[in-house]
Each structure stands twice: as C-alpha cells, then as structure tokens.
Amino acid sequence: MRLIKQAIAAGALLAGLCVPALAGLGEEAVSAYSRGDYATAAMLWRQLADQGDVTAQYRIGIMYNNGEGVPQNYAEAARWFRLAADQGDAKAQFLLGFLYAAGNGVPLNDSEAARWFRRAADQGEARAQFLLGSAYAEGAGVPQDDVSARMWFELAAAQGEPNAQKALAWSAQHMSPAQIADAQKRARLWKPTTR
C-alpha cells in the first residue's frame, strides 16, 4: 500500500491549514483572505514575504499552490515554501516535502520528500510524522524500517492525525509484538526539536 501516494491523490493533507494572525499588513492580509479577497491578500503577504517574513512566505506558497489570488504555480509555491522552510517553519517544510513526494513544481524525489518531512516531523508536525512513517513503511527515500514507521505513526496518531490511526492498524498486522513495543518505546522517548 502506497500510503504517501494515496494521501497525495486524496489531497487530504492540504485541508484545514490555518491562517495565523499577523500585525499590520499581516492583519490586513488575514482580513482580506477571510472575506475571499485573495488578490489583496496575496499582494499584502507578498510585500511581507519579500521582506523575509516567514509566515507571509508560507502563506504566499499556499496561495500559489491553490491558485488563490495568483495563478496556480507549483514551482512558485515550492520556491516560497523553501524560503519559509529554510527559516525553520514546520508547515512549510511539510508542504515542501509534499511537493517533492508528488513531483509538483519540483522533480519527484522521495529522498528529498523524506528529508523535508523529517525536519517538520522533528518539530511535531503531525501530517509530516504520518508521511515520514509512510516513507519508512514503504522504503520511499529512506531505508524500509517498520519500527521507525510505527514510531512516527504513533506520534502522529497521538495528535489525532486520522491517517496515522489507520496506519497503526495496518502496521499491527505486519509487525511482531516486540517490534511494536520497540516503536512505542521510541515514541514515548521522542522529544520535539525547535527550528
């Protein structure tokens, strides 16, 4: 089962992205976005993004990814996500990994996807933890490792990630009780890192 590809095909991982509150132009951009004035939101966030504002870079990436207020352009989305990801933004790291896993705007590259998922997962991003677990389960960009896969599924499931809940059931059918116990121990000992 290609868990990563199924999640990408469903588009489920881009749903429910929150709009963080910012001061000044950022607040104006949030307000414009909330009322559906995507062109104004894009213009305002672009001004902030050009100044290096990590949240605005992430939001512009979302807008290019979804074609909101700007033409849909995955390569531009990847460019903005990378700028925010390089500053340590876990959501941008996750979405950049997602683009590499799908081959949208960047070359399809499982190793690069896993690398970005890992950076976001290490900060506690549940969707990235699920997809990193999937990468380990499948050996996609990382060595196949059921115990590591289960550990990441455990962490994502503990945050309510629904796909991780399903993956735990799947992994339980393919692992020994000792492997499951090892994965659960690793999950208990895991601590998030900061940017």
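What follows draws every value from the coordinates through simple rules; no lab data is involved. Keep in mind that this is a model prediction, so the values were computed, not measured.
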Report, to the nearest 10°, how far helix 162-172 tilts away from the longest principal axis of the Cα atoms in the chain, using its own Cα long axis and a range of 0 to 90°.
20
In whole Å, how far is the Cα centre of the stretch 61-83 from that of the stretch 107-125?
18
Taking just the C-alpha trace of the stretch 37-152, give me its Rg and Dmax in Å.
14.6, 47
Can you list, bin by bin at 5 Å, the percent of alpha carbon pairs in the chain, starting at 0?
1, 9, 16, 20, 17, 14, 10, 6, 4, 2, 1, 0
Output the Cα-based Rg and Dmax of the stretch 86-195 in Å, rounding Rg to one decimal and Dmax to a whole number.
13.2, 41
Using only Cα atoms, tell me the angle between helix 90-102 and the longest principal axis of the chain; keep it within 0 to 90° and round to the nearest 10.
70
Provide the gained length on full extension for the span Lys185 to Asn66, in nm with one decimal, where the gain is 0.36 nm per separating residue minus the Cα-Cα distance.
38.9 nm
